[in-house]
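Read the structure below first, then the notes.
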Amino acid sequence: YVQDLYSILTPERLDGTNYTEWALNAENRIRGRKRWGCSNPISFGKYENCLVKSWLLDAMTKDVRSLFIRLPTAKKISDSIKETYSVSQDGSKAYQLYCEVISVKQNGGSIISYFAKLKKL
């Protein structure tokens with residue numbers, strides 16, 4: 001158990017654009033550590049849940065982590081990540097748009113100009 005606490009889940013952190021590769025790495029590593037039980041919360045103990053939650057959250061960039069950190073279980077985090085970033089949901093595009101929207105600043109311009117910039121996105 002001690003080595004589980006300090007081991008890295010994936011070589012790259014989830015940044016919103018690399019979901020497919022990240023998810024494959026994460027699943028393989030969690031399965032390899034025999035902790036894939038998060039798909040069955042009834043048989044998944046509190047320790048294992050906290051362990052997998054910490055692996056998942058530590059394997060994300062700060063911005064991405066902020067979207068999922070308040071979710072109560074590893075299963076909910078895993079499902080939400082998939083829903084947000086999987087290609088079938090076009091979540092990566094949505095995340096990219098989200099990043100662009102939050103980067104737009106008024107910078108002393110008029111409110112009309114500010115909303116025009118947002119609308120162009």
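Some points to look at:
- Output for the range 98-121, where each listed residue is in contact with a Leu (Cβ under 7 Å, 6 or more places away or on another chain) and surrounded by 12 or more Cβ atoms within 10 Å (Cβ to Cβ): GLU100, VAL104
- Any chance SER103 is farther than 25 Å from TRP22 by Cβ, free of Cβ contacts under 8 Å to residues at least 24 places away in the same chain and either touching a helix residue (DSSP H, G or I) at 6+ places or on another chain (Cβ under 6 Å) or not assigned by TED's automatic domain parsing to the domain that holds GLU27 (or both): no
Residue-by-condition table, conditions (1) buried (at least 18 other Cβ atoms within 10 Å of the Cβ); (2) in contact with a Gly (Cβ under 6 Å, 6 or more places away or on another chain); (3) modelled with pLDDT under 85:
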| residue | (1), (2), (3) |
| --- | --- |
| GLY16 | yes, no, no |
| ALA23 | no, no, no |
| LYS34 | no, no, yes |
| ILE42 | no, no, yes |
| ASP63 | no, no, no |
| ARG70 | no, no, no |
| ILE77 | yes, no, no |
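The values are calculated or read from the model by the stated rules, or taken from the named source; none is laboratory data. Quick caveat: nothing in here was measured; it's all calculated off a predicted structure. We place every Cβ from the backbone using ideal geometry, glycine too, and count neighbours over all the protein chains shown.
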